[in-house]
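S.K.: Pasting a structure here, questions to come.
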Amino acid sequence: MGRPVHRAGAAALLFQTLKAGNMSTLSFGKTYDVTGCFDNIGGLKPGRAGVVVGRVDDIGLDSKAFQAEVRLKMQTGYAFPKDSSAKILTSGLLGEQYIGLEPGGDTNNLAAGDRITMTQSAIVLENLISQFLFSKAAEGKEEKKR
């Protein structure tokens, strides 16, 4: 009678381990690699995904353009046009970051080794706050001059 409890406990432990490592959406299906370069990747990490059509496989540096180069492993069951765009988005206000793909209109699809050329970098909350404060300070100086 103790064995089913051990199996259920082991299964629950495995589930929690995969969830904590963000691997609960892990897929062993066939994939193809595409890359995109971003000026700022914020807190993006390999393995993160929203609706899973692929995963961030690796993040490196394009030493010629001095940009972060993100390699995605796309599941072969999902085809995106070659002119699709990629942007780094945040899940919720302070949530984890992921790459959102927006399909283009090209009749040819992305294939292994292709590069996504239209990318939008992560929005850094600290930069937005400092821009807001700087603009408010500039408004205050303008008001004093009048």
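S.K.: Is there a residue in region 95-108 that is exposed (fewer than 15 other Cβ atoms within 10 Å of the Cβ) and closer than 16 Å to Tyr32 by Cα?
M.R.: yes
S.K.: How many residues are within 30 Å of Val70 (Cα to Cα) and without any contact (Cβ under 8 Å) to a residue 40 or more places away in the chain when one looks only at region 122-138?
M.R.: 8
S.K.: For region 109-146, name all the residues that are surrounded by fewer than 10 Cβ atoms within 10 Å (Cβ to Cβ) and either in contact with a Gly (Cβ under 6 Å, 6 or more places away or on another chain) or at pLDDT 85 or above (or both).
M.R.: If the condition is that a residue be surrounded by fewer than 10 Cβ atoms within 10 Å (Cβ to Cβ) and either in contact with a Gly (Cβ under 6 Å, 6 or more places away or on another chain) or at pLDDT 85 or above (or both), then Gly113 is the only one that fits.
The values are calculated or read from the model by the stated rules, or taken from the named source; none is laboratory data. Predicted, not measured: the structure shown is a model, and the values here were computed from it. Glycine also receives a Cβ, built like all others from the backbone with ideal geometry; neighbour counts cover every protein chain displayed.
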